[in-house]
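Taking it in order: structure first as structure tokens, then the write-up.
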Amino acid sequence: MSQVLSRRRWILVGASAVIAVLMAILVVMVSPQDVTVCASGCSFSQIQSALDAVRAGSTLHIQPGTYRENLQIAKRVQLIGSEGAVLEGQITIAQAKNVSITALTVRGAVQIEESRNVVITKSTISESPDVGVSVISSRDISLIENAIVGNAGDGVRVQGATVRLSRNMIGGNKGYGIAADGASQLSGDGNRNGYRVPGDFQTIQEAIDAWAAGMGINGLGDVNENVPKELLTGDGVIFVAPGIYKERLTIRDKNIRIRGADRDSVIVDGTGLGDVDGITLRGTTKAFIENMTVRNFRDDGIDAEGQIELTLRNMILEGNGSTGIEVAHTDVKVWLTKSIIRNNRTYGLWALSAQNIVECRSTTVTGNTNDYGGLGGSAAVELAQKCQ
């Protein structure tokens with residue numbers, strides 16, 4: 001009898017062990033995965049291949065690189081990008097639940113159809129040939145802290161869906177910033193088509209650094225008639241409130257507009273900053289700067305070199321140690337309107353050619369050690385006549 005009982009105990013122990021192994025295998029088979037996608041050296045070199053292979057609930061970490069592919073997402077999954085991770089293509093999320101995309105740059109469209117609980121955050125969606133983000137017949141969609149800029153249609157278009165938009169930058173789209181039909185429900189706050197300093201950023205340079213390609217005013221307006229006007233606000237510019245800003249500014253390879261509240265109360269001051277320029281423009285840049293004073297820099301107030309188109313309106317450039325404005329490249333074009341360049345210690349305006357200064361209207365250049373530098377007598381006279 002004891003032998004029979006012992007045999008039964010061993011059978012039970014063996015069965016339990018088999019069940020435990022089977023359960024462990026089952027857990028492994030259904031457990032979410034953490035996978036990495038990179039150009040080489042990872043299990044996956046393409047994002048779609050990883051999406052197809054992983055189980056529901058998995059997380060894909062996208063390493064820096066450019067991924068030229070269109071993505072189809074139909075399962076619960078998280079995509080987390082690294083700095084420099086760029087998708088050149090479209091993302092379609094269809095009949096899916098619990099999808100999130102974080103910190104990914106998408107050069108193309110994002111379309112969400114018949115889905116629920118989708119979150120896109122801290123990502124950039126730009127250069128779509130049509131709408132940036134489309135949300136169709138979906139519920140509980142959240143767009144948070146994204147840059148949705150420079151798309152050929154609306155920034156965000158919503159049809160028969162509920163969407164929350166908060167703290168997004170939505171600007172420079174050729175259609176509306178946000179458009180919706182009458183069957184949609186939109187909520188949120190803090191969406192802008194431009195930045196405020198202080199407010200969004202404490203310094204002007206922080207706002208310049210955050211300014212993405214394509215930002216600015218939306219072509220058809222910020223919102224259409226079915227969207228509350230307060231859901232998207234701003235002027236498509238970096239708006240600078242009155243104050244003294246002790247900082248040097250650098251603008252490189254950007255199309256940007258910076259607007260001060262008033263040139264007498266918005267002061268970019270170089271006192272104590274060393275041998276630096278006030279505003280440096282480099283690379284391929286189009287900048288429109290207005291309603292500010294740039295003063296007391298030991299070098300130039302403004303120094304432009306590269307493929308630069310610079311418009312200055314209602315500016316004061318004074319007391320700088322070298323030049324008010326230095327135009328040191330043949331490809332620089334400057335438009336000056338209603339500005340004052342005075343009391344700079346070497347030159348007021350230094351240019352390689354009078355042709356660098358496309359326009360100079362209602363602008364005073366006076367009281368500098370030399371008002372015009374780099375120009376011969378007749379060219380200087382020509383430029384002075386332009387400015388009057």
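The values are calculated or read from the model by the stated rules, or taken from the named source; none is laboratory data. The model shown is predicted, which means the values in this text are computed figures rather than measured ones. Methodologically, a virtual Cβ is constructed for each residue, glycine included, from the backbone with ideal geometry; neighbour enumeration extends over all protein chains shown. To get the accessible areas, we keep the full protein, side chains included, count just its heavy atoms, and leave off ligands, DNA and RNA. Shrake-Rupley method; radii C 1.70, N 1.55, O 1.52, S 1.80 Å.
Kindly rank 33-43, 158-168, 268-278 from highest to lowest mean number of other beta carbons found within 10 Å of each residue.
Working: 33-43: 13.5, 158-168: 20.4, 268-278: 17.3.
Descending packing order for the listed peptides: 158-168, 268-278, 33-43.
Which of Ile136, Ile170, Asn218 sits farthest toward the positive end of the charge dipole of the chain, with +1 on the Cβ of Lys and Arg and -1 on the Cβ of Asp and Glu?
Ile136
Rounded, prolate or oblate: which one fits segment 275-388, using the alpha carbon gyration tensor with axes a ≥ b ≥ c (rounded when a/c is under 1.5, else prolate when a/b beats b/c, else oblate)? Provide the component values of the computation, followed by the final result.
Working: a/c = 1.22, a/b = 1.02, b/c = 1.19.
It is rounded, given that a/c, with a ≥ b ≥ c, falls under 1.5.
What distance in nm separates the simple spin-label points at Cys42 and Gln205, each placed 7 Å from Cα in the Cβ direction?
In this crude spin-label approximation the distance works out to 3.3 nm.
What is the Rg over Rh value, at two decimals, for segment 262-302, using alpha-carbon atoms and the Kirkwood definition of Rh?
Details: Rg = 11.1 Å, Rh = 11.0 Å.
My calculation of the ratio gives 1.00.
Using Cα atoms only, what is the angle between the long axis of helix 2-30 and the major principal axis of the chain, expressed in degrees (0 to 90) to the nearest 10?
Rounded to the nearest ten degrees, it is 30.
Give the cross-link partners of Lys174 among the lysines, using a straight C-alpha distance below 19 Å as the criterion and excluding same-chain residues fewer than 8 apart.
Partners within reach: Lys229, Lys254, Lys286.
For segment 260-312, with every protein chain kept in place, what is the accessible area per residue (1.4 Å probe, Å²)? Can you show the working numbers first?
Values: 1740 Å² over 53 residues.
Computed with neighbouring chains in place, this is 33 Å² per residue.
Under 27 Å between alpha carbons, and skipping anything fewer than 8 positions from Lys75 in its own chain: which lysines qualify?
Lys97, Lys122
Over the Cα atoms of segment 165-235, what radius of gyration and what Dmax do you get, in Å?
12.6, 41
Carbon and sulfur: what percent of the chain's accessible surface (1.4 Å probe)? Could you put the intermediate results ahead of the total?
Details: 8670 of 17730 Å².
Summing carbon and sulfur atoms, their accessible area is 49 percent of the total for the chain.
Rounded to the nearest Å, what's the spacing between the alpha carbon centres of segment 29-97 and segment 168-192? Just the number, please.
Value for the Cα centre distance between the two parts: 27 Å.
Just going by the charge dipole of the chain, with Lys and Arg at +1 and Asp and Glu at -1 on Cβ, which of Thr105, Ile73, Ile204 is farthest out on the positive end?
Farthest towards the positive pole: Ile73.
Using Cα-only point scatterers and the Debye equation, what is log10 of I(q)/I(0) for segment 229-272 at each q in 0.33 Å⁻¹, rounded to two decimals?
Each listed q corresponds, in turn, to -1.17.
Angle, helix 377-387 long axis vs. longest principal axis of the chain, Cα atoms, 0 to 90°, nearest 10?
The angle comes out at about 70 degrees.
Which ³J(HN,Hα) values in Hz, rounded to whole numbers, follow from the phi angles of segment 61-69 under the Karplus curve 6.51 cos²θ - 1.76 cosθ + 1.60, where θ = phi - 60° and Gly and Pro get x?
Listing the rounded values in order: 9, 9, 7, x, x, 10, 10, 9, 6 Hz.
Which residues' amide hydrogens lie under 5 Å from the amide hydrogen of Gln111, considering only partners 5 or more residues apart or on another chain, with H built in the peptide plane?
Here the answer is Ile91, Thr92, Ile93, Ser134, since their amide H atoms fall under 5 Å of that of Gln111.
Normalised by the number of residues in the chain, what is the relative contact order in percent for Cα pairs under 8 Å and 6+ residues apart?
Working: 1202 pairs, mean separation 24.7, N = 388.
6 percent.
Roughly how many debye, to the nearest 20, is the charge dipole of the chain about its Cα centre, given +1 on each Lys and Arg Cβ, -1 on each Asp and Glu Cβ, and no other charges? Display every interim value, and only then the final one.
Values: 37 positive and 40 negative charges, 303 e Å.
Once rounded to the nearest 20, the dipole reads 1460 debye.
Direction-averaged shadow area of the convex hull around the Cα atoms of segment 81-194, nm²? Please report the intermediate quantities before stating the final value.
Working: hull surface 24.0 nm².
The directionally averaged projection comes out at 6.0 nm².
Go ahead and set up a Gaussian network model of the chain, Cα springs under 10 Å, then flag whichever of Asp52, Asp222, Asp371 fluctuates most.
Result: Asp52 has the largest fluctuation of those listed.
Got a sec to turn the phi values of segment 285-302 into Karplus ³J(HN,Hα) couplings, 6.51 cos²θ - 1.76 cosθ + 1.60 with θ = phi - 60°, whole Hz, x for Gly and Pro?
Each residue of segment 285-302 in turn: 9, 10, 10, 10, 10, 8, 6, 8, 10, 10, 9, 6, 8, 5, 9, 7, x, 9 Hz.
Only helical DSSP H runs with n ≥ 4 go in: add -39500 (n - 2.57) per run for the chain, normalise by residue count and round the 222 nm mean residue ellipticity to 500 deg cm²/dmol. Could the numbers behind the result be given before it?
Numbers: 4 runs with 54 residues, N = 388.
The helix-only estimate for the chain comes to -4500 deg cm²/dmol at 222 nm.
In a Debye calculation with equal point scatterers on the alpha-carbon sites of segment 53-128 and no solvent, what is log10 I(q)/I(0) at q = 0.27 Å⁻¹?
These q points yield log10 I(q)/I(0) values of -1.45.
Return the Cα extents of the chain along principal axes one, two and three, sorted largest first, each rounded to a whole Å.
Taking max minus min along each principal axis of the Cα atoms, the chain gives 120, 48, 34 Å.
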